Amino acid sequence: MKKILLVAGIVAANMVNAQIYMGKTCVTHFFSKTSMKDIEASSNTAKPVLDAASGSFQMRIQNSSFKFESSFMQEHFNENYMESEKYPYSTFKGKINEKVDYTKDGTYNVTCAGTMDMHGTIQQVTMPGTLTIKGKEITIVSKFKIKPADYKIKVPSLYVKEIAEEIDVDITTAMAPYEKK
């Protein structure tokens, strides 16, 4: 009887682990376009987590990890806008609304609703995306817009014409089943 319980416990533990996916790679990119200036930056440090059983998805990114074309832009982003020392991370915690069969290869149009915590301000958001399953790997691509004003990010009047009221954000992550090491 003890052997049966042990085997059942191992099988159950493996099933739970197979339902958790961790980001292997994740690129987060944003773009601000105005008539005065285009500003863009990217980061590849986020490590998203997806619980396939519940549809729960979360992601945290270090604000200072964004790389700009100039060090001047990067410095202003971290010191004047994001205040990265005070608010080191931006996070998203949500849930995929649609039912996805994670055992079948395919591409699914999904939305993920939850909370975005940025610059010390939490907003309810819903982000569209595509979730592609191929073998044991999942790729998620999402494109959405963020308004800095919604997160109390102040743009000095001197630069107000150089930064868009809405920033285009796109995220691409490749995820694999979590394997305990």
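Annotations
- Residue that is nearest to the chain's Cα centre (by Cα) [pool: residues in the stretch 1-60 that are of a type in the set (K, R) and either in a strand (DSSP E or B) or at pLDDT below 80 (or both)]: R60
- Test: residue in the stretch 154-166 that is part of a strand (DSSP E or B) and either charged (D, E, K, R) or surrounded by 14 or more Cβ atoms within 10 Å (Cβ to Cβ) (or both): no
- Odd one out for F92, checked against (1) aromatic (F, W, Y); (2) closer than 22 Å to K147 by Cα; (3) not in a strand (DSSP E or B): (3)
- The residue that is nearest to T172 (Cα to Cα), among those in the stretch 46-64 that are among the polar types (S, T, N, Q) and surrounded by fewer than 15 Cβ atoms within 10 Å (Cβ to Cβ), is Q62.
- Across the stretch 121-135, not a single residue is classified as surrounded by fewer than 16 Cβ atoms within 10 Å (Cβ to Cβ), assigned to a loop (DSSP other than H, G, I, E, B), at negative phi and basic (K, R).
- From the list K95, K86, the lone residue that is out of contact with any strand residue (DSSP E or B) (no Cβ under 8 Å at 6 or more places or on another chain), charged (D, E, K, R) and at pLDDT 95 or above is K86.
- Evaluation of V160 against the conditions (1) without any contact (Cβ under 8 Å) to a residue 12 or more places away in the chain; (2) within 20 Å of M22 (Cα to Cα) shows that the sole unmet condition is (2).
- Within the stretch 65-89, tally of residues that are buried (at least 17 other Cβ atoms within 10 Å of the Cβ) and touching a helix residue (DSSP H, G or I) at 6+ places or on another chain (Cβ under 6 Å): 3
The values are calculated or read from the model by the stated rules, or taken from the named source; none is laboratory data. Just so it is clear, the structure is predicted and the values come from calculations on it, not from any experiment. When we count neighbours, we look across all protein chains shown, and the Cβ atoms used for this are built from the backbone with ideal geometry, even at glycine.
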